[in-house]
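*Asks:* Below you will find the structure I want to go over with you.
Just so it is clear, none of the values below were taken in a lab; they were calculated from the coordinates. Source: prediction; values computed, not measured. So basically every Cβ, Gly included, is an ideal-geometry build from the backbone, and we count neighbours across all protein chains shown.
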Amino acid sequence: MKRILSIYLDSFKGLSQAAWLLAIVMLINRMGSMVIPFLGLYMTQVLHFDIKQVGVVLMSYGFGSVCGSYIGGWLTDRIGSFKVQFGSLVLAAPLFLLIPHFKEVQSLSIMIFTLSLIFDAFRPANSVSVASYAKPENITRAFSLNRLAINLGFSIGPAVAGFLATISFNWIFYGNSFAVLCAAVIFFVFFHKREKRSDIKSKKEIIPENELP
């Protein structure tokens, strides 16, 4: 088992520190994706929604996710990947805490749509960061590491959520919010200085208008 793990980790050697940090942020963030697998159960067992009502709410999640991915990419082109990722994490964390306060189909659908829109705006911005912090020859492996973090997060998150559900369904929302907030803190601590250095470098590369021939 150790041999297999060693070989697997060796395949990611040579990646930059930033690539590993982005993967850690993604792992923690996706570990927090524990609400969605249990959202259907929550609506049927706690809110006593019927199948059609559950379908409406879940549809709003999917629609919000699609819109969030598009808007996240659009914003990344305009304000940068750091601001989009940090903003997405910071805004999403409190929204998870608000979900239990919405008991009607219409209000919960709007809430879930808003949450998924903000939460999934993180994804395109994160992809841009992975590409920008990886050397050209390591881009494929950097994305592989990021994908591994996503898959591990989605594997661990529901397991933790199952345990929390034995206490109360509300604890799933609390746990999700805590995980996203942790991801936001780690991301800010390790990347806000990198973003500043990147901005300075970009400004130096711009030739002032009064220096043009």
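*Asks:* What list of ³J(HN,Hα) couplings, whole Hz, do you get for the stretch 155-162 from phi and the Karplus terms 6.51, -1.76, 1.60, once you set θ to phi - 60° and write x for glycine and proline?
*Replies:* 7, 6, x, x, 5, 5, 4, x
*Asks:* Same structure, new question: Please work out whether the chain counts as rounded, prolate or oblate from its C-alpha gyration tensor, where a ≥ b ≥ c are the square roots of the eigenvalues and a/c under 1.5 means rounded, while otherwise a/b larger than b/c means prolate and anything else oblate?
*Replies:* Values: a/c = 2.58, a/b = 1.50, b/c = 1.72.
Oblate, since a/c reaches 1.5 and b/c is not below a/b.
*Asks:* How far, in degrees from 0 to 90, does helix 122-133 lean away from the longest principal axis of the Cα atoms of the chain, to the nearest 10?
*Replies:* On a 0 to 90 degree scale, this one is about 30.
*Asks:* Quickly work out the Ser144-to-Lys103 label distance, labels modelled 7 Å from Cα along the C-beta direction, and quote it in nm with one decimal.
*Replies:* Calculated label separation equals 5.2 nm.
*Asks:* Can you give me the angle between helix 81-98 and the longest principal axis of the chain, using Cα atoms only, in degrees from 0 to 90, rounded to the nearest 10?
*Replies:* 20
*Asks:* Sorted from fewest to most neighbouring beta carbons within 10 Å, what does the list Ile156, Ile139 look like?
*Replies:* Numbers: Ile156 18, Ile139 15.
So the ranking, lowest neighbour count to highest, is Ile139, Ile156.
*Asks:* Sort Val56, Val25 so the one with the fewest other Cβ atoms within 10 Å of its own Cβ comes first.
*Replies:* Working: Val56 16, Val25 26.
Final ranking by Cβ density, sparse to dense: Val56, Val25.
*Asks:* Related question: Sort Glu104, Glu137 by Cβ crowding within 10 Å, fewest neighbours at the top.
*Replies:* Numbers: Glu104 11, Glu137 8.
Starting with the residue having the fewest Cβ neighbours, the order is Glu137, Glu104.
*Asks:* Turning to a different aspect of this structure: Quick one: angle between helix 105-120 and the longest Cα principal axis of the chain, in degrees between 0 and 90, rounded to 10, please.
*Replies:* Rounded to the nearest ten degrees, it is 20.
*Asks:* Can you give the calculated 222 nm mean residue ellipticity of the chain, where each DSSP H run of n ≥ 4 adds -39,500 (n - 2.57) and the sum is split over every residue, rounded to the nearest 500 deg cm²/dmol? Write out the running numbers ahead of the final one.
*Replies:* Details: 9 runs with 172 residues, N = 213.
-27500 deg cm²/dmol, from helical runs alone.
*Asks:* Go through the stretch 136-146 residue by residue and turn each phi into a ³J(HN,Hα) via Karplus (6.51, -1.76, 1.60, θ = phi - 60°); whole Hz please, and just put x for glycine and proline.
*Replies:* x, 6, 10, 4, 4, 5, 5, 5, 5, 5, 5
*Asks:* How would you classify the stretch 50-99 from its alpha-carbon gyration tensor, with a ≥ b ≥ c the square roots of the eigenvalues: rounded for a/c under 1.5, else prolate if a/b is greater than b/c, otherwise oblate? Walk me through the numbers before you get to the answer.
*Replies:* Working: a/c = 6.07, a/b = 1.80, b/c = 3.37.
In terms of gyration-tensor shape, oblate.
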